[in-house]
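Working notes, beginning with the structure itself.
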Amino acid sequence: MWKALVLHVCRLSLLGLVATIHATCVLKPITGDDAEFCCDDLHVVHPDIGDVACKSILHCDNVSQRLLKDGGAPVVTYQKAQKDKMYSLLMMDPDAPSRESPGNKYWNHWVIADIQGRDLQSGKSLQGREITEYKGPSPPANTGFHRYQFFLYLQPPGSRPSLLPSEEKSRGKFNPEAFALRFGLGKAVATTQYMVRNPQQKDL
C-alpha cells in the first residue's frame, strides 16, 4: 500500500513539474542595435512573466494573451532614482502598426508623472498622476515583433506634464522628444524596452 502511495505522490509531483514547465515563458535577451536602448538599472516586471526589460517574449502559453488584453500595468523599478525627486515615465510603441511601416510611431501606451523616486526604488506599483491610462501591448497579427519602450525622466521642480488636445484625441504619432522638451524634462535618465508579437503571428 505504501508503494502505491509513494507512486501517487510522485505522479502528483511530476504533474506539478509539467504544469510549471508548461507555464514557463521563453524569454530571449535583446541583442544588436536594439540592446543599446536598454539600461541595466531600469526594470519592468509583469507578475505572470517576471522582469521583461531588454527581453523578447518568444512564447508564453496563455500568458502573452493576458499580457495583451487583460494584463495590468507592470511594476517599474529604478534603483538609482533619487528618493526625494519626482519622475515621469513614458511607455511607447515605435513600431505601430509595424516596424517596416511605422506610420503611427510612437503609439502612446502609458504616461505617468509625479512619481516619487522612493516608489521607483521600492519595487511596488507606481503611484503618480496618470496622464494616459495604461494600455498593454497590442501588436496586430502578422506584423512581427513590436518594441515597447520605456523612457524615464527626472522631473524638474514645478514642472507639471500634460497632454496637448491632439495627444488626448489619439494615442498614435506621439512625440516623446517634443513632450520632454515642452516640460523641461531633458534627456531620459534611463530607457529600456521589451519585445513581443501577437500570439496569432504566423511564422514565415
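The values are calculated or read from the model by the stated rules, or taken from the named source; none is laboratory data. Just so we're clear, the structure is a prediction, and the values are computed from it rather than from any experiment. With ideal geometry, Cβ positions are generated from the backbone for all residues, glycine too; neighbour counts draw on all protein chains shown.
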### Query
Can you name every residue in segment 123-137 that is surrounded by fewer than 17 Cβ atoms within 10 Å (Cβ to Cβ) and in contact (Cβ under 8 Å) with a residue 40 or more places away in the chain?
Gly123, Lys124, Ser125, Tyr134
### Summary
With criteria (1) over 14 Å from Val111 (Cβ atoms); (2) crowded, with 20+ Cβ neighbours inside 10 Å, Phe174 comes up short on (1)
### Summary
Those residues of segment 108-130 that are at pLDDT 95 or above, among the hydrophobic types (A, V, I, L, M, F, W, C) and touching an Asp or Glu at 6+ places or on another chain (Cβ under 9 Å) come to a total of 4
### Message
Residue under question is Ser56, and the condition is that it be outside any loop (DSSP other than H, G, I, E, B), modelled with pLDDT under 85 and more than 26 Å from Arg182 (Cα to Cα); does it hold?
### Response
no
#### Entry: Any chance Leu204 is over 17 Å from Val44 (Cβ atoms), over 20 Å from the mean Cα position of the chain (by Cα) and modelled with pLDDT under 95
yes
### Residues of segment 154-204 classified as of a type in the set (Phe, Trp, Tyr) and more than 23 Å from Asp34 (Cα to Cα), total
1
### Task
May I ask you to verify whether Arg197 is over 12 Å from Leu90 (Cα atoms), in contact with a Phe, Trp or Tyr (Cβ under 6 Å, 6 or more places away or on another chain), charged (D, E, K, R) and surrounded by 13 or more Cβ atoms within 10 Å (Cβ to Cβ)?
yes
